[in-house]
Amino acid sequence: MSEATDILDRLAIVMAHPDDEVLWACSALKAAEKIILVYGDRPNEPAFNEGRRASMAEFPLPTLDWLALPEVGVFDSASWPEVRETDYGLYPHRALRILDHFNPEAYRATFGKLTDALRPRFAGIRNVIAHGPWGEYGHEDHVQVFRVVERLAAEMGFRLWVPAYVAQKSEALMLRNLRFFGRPTPPMPIDAALAAEITDLYKRTNTWTFSDTYVWPKSERFLPFIAGGAPPGDRADPADVHHIVFPADHDAWRKFLPWRREAARKVLSWINGRRFG
């Protein structure tokens, strides 16, 4: 059995937000026994929440399991690119908050809630695809999902895989963690028709959270997690990880962030780099 075939055996996919599944694991969606999506409502955004519920109700695959935990708003609050890793994800700095529903206490509490919710759902599962410990393009929620699944993999014995995607923002964290990953699967073709169907659903319900002009690669690969670290000869290489190409419209809002926040981010990143680098 090839590694690409092996990953599809009794497979569950666990992603943080509705639309992450089609962005980072589209090649495996139809083969998965379960597609588990974690987050639901955002505080004080009723139109978005209504749209997200509609998108989940119309999701085209019957294997969807939507946990609908409330979002906690910690995106971009770690001191990227040199972040502080924790048992529950990444450390969210109050000085770096950008979202009104920023709630670091809820972020920490979600670790235990999500662990309890996923444990029974993994019964009989042999492989799990979850976010990577660098959060693909760098998202604190993604990193927390990885930490939860990492703990359950040690407890339950299933094999953990992560998408081989990275962005400039998350590259330093990827390089810090790459020693825990083996060689990737062979390229697995993206299902372009399914990607278009699911993306159109999110756009129609106004819940698509990525760039409107993002273009998928032709194929993607996944890295196997090895808890004790991969032997040097069998370890993933930075060249094995696909660099996400962002369209020009992505993150255009960043230029409007207050200069004080950006100054704080640079200081905290430097401190964390000295402490944890």
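A few comments on the model shown:
- Using θ = phi - 60° in the Karplus curve 6.51 cos²θ - 1.76 cosθ + 1.60, the 3J(HN,Hα) couplings for segment 133-146 round to x, 10, x, 6, 8, x, 10, 4, 5, 4, 5, 5, 4, 4 Hz; x is entered for Gly and Pro.
- Count Lys and Arg as plus one, Asp and Glu as minus one, and take only other residues whose Cβ is under 15 Å from that of residue 192; the net charge is then -2.
- Here the sum of -39500 (n - 2.57) over DSSP H runs of 4 or more residues, divided by the residues of the chain, equals -10500 deg cm²/dmol at 222 nm, to the nearest 500.
- Positive-end residue, segment 3-276 charge dipole about Cα centroid, Cβ charges, pick of 127, 32, 139: 139
- Of all DSSP beta bridges in segment 120-259, antiparallel share, percent nearest 5: 60
- Values of log10 I(q)/I(0) for segment 62-215 across q = 0.12, 0.17, 0.18, 0.19 Å⁻¹ run -0.59, -1.23, -1.36, -1.47, by the Debye formula with one identical scatterer at each alpha carbon and no solvent.
- Neighbour counting of Cβ atoms within 10 Å sorts the residues 15, 156, 188, fewest neighbours leading, into 156, 188, 15.
- For residue 93, the residues whose modelled amide H falls within less than 5 Å of its own, excluding neighbours fewer than 5 places apart on the same chain, are 78.
- Across all directions, the average projected area of the convex hull around the alpha carbons of segment 6-136 is 8.5 nm².
- From phi via Karplus (6.51, -1.76, 1.60), per-residue ³J(HN,Hα) for segment 43-60 in Hz, x at Gly/Pro: x, 6, 10, x, 5, 4, 5, 4, x, 5, 4, 5, 5, 5, 5, 9, 4, x
- In terms of other Cβ atoms within 10 Å, 58, 45 run from fewest to most in the order 58, 45.
- Compactness of the chain, taken as the C-alpha radius of gyration over 2.2 N^0.38 Å, stands at 0.95.
- Residue 220 long-range amide H proximity, modeled H, under 5 Å: 188, 190
- Counted by Cβ distance under 9 Å from residue 229, the other residues give a net charge of +2, where Lys and Arg count +1 and Asp and Glu count -1.
- Residue exposure sequence - 80, 134, 66 - by fewest surrounding Cβ within 10 Å: 66, 80, 134
- Phi-derived couplings, Karplus 6.51 cos²θ - 1.76 cosθ + 1.60 at θ = phi - 60°, listed residue by residue for segment 232-240: x, x, 10, 7, 4, 10, x, 5, 6 Hz, with x used for Gly and Pro.
- Packing order of peptides 179-186, 239-246, highest average first: 179-186, 239-246 (average count of other Cβ atoms within 10 Å over each peptide's residues).
Bear in mind these aren't lab numbers, they're just calculated from the coordinates by the rules spelled out. The model shown is predicted, which means the values in this text are computed figures rather than measured ones. Ideal geometry is used to build each Cβ from the backbone, glycine not excepted, and the neighbour counts take in all protein chains shown.
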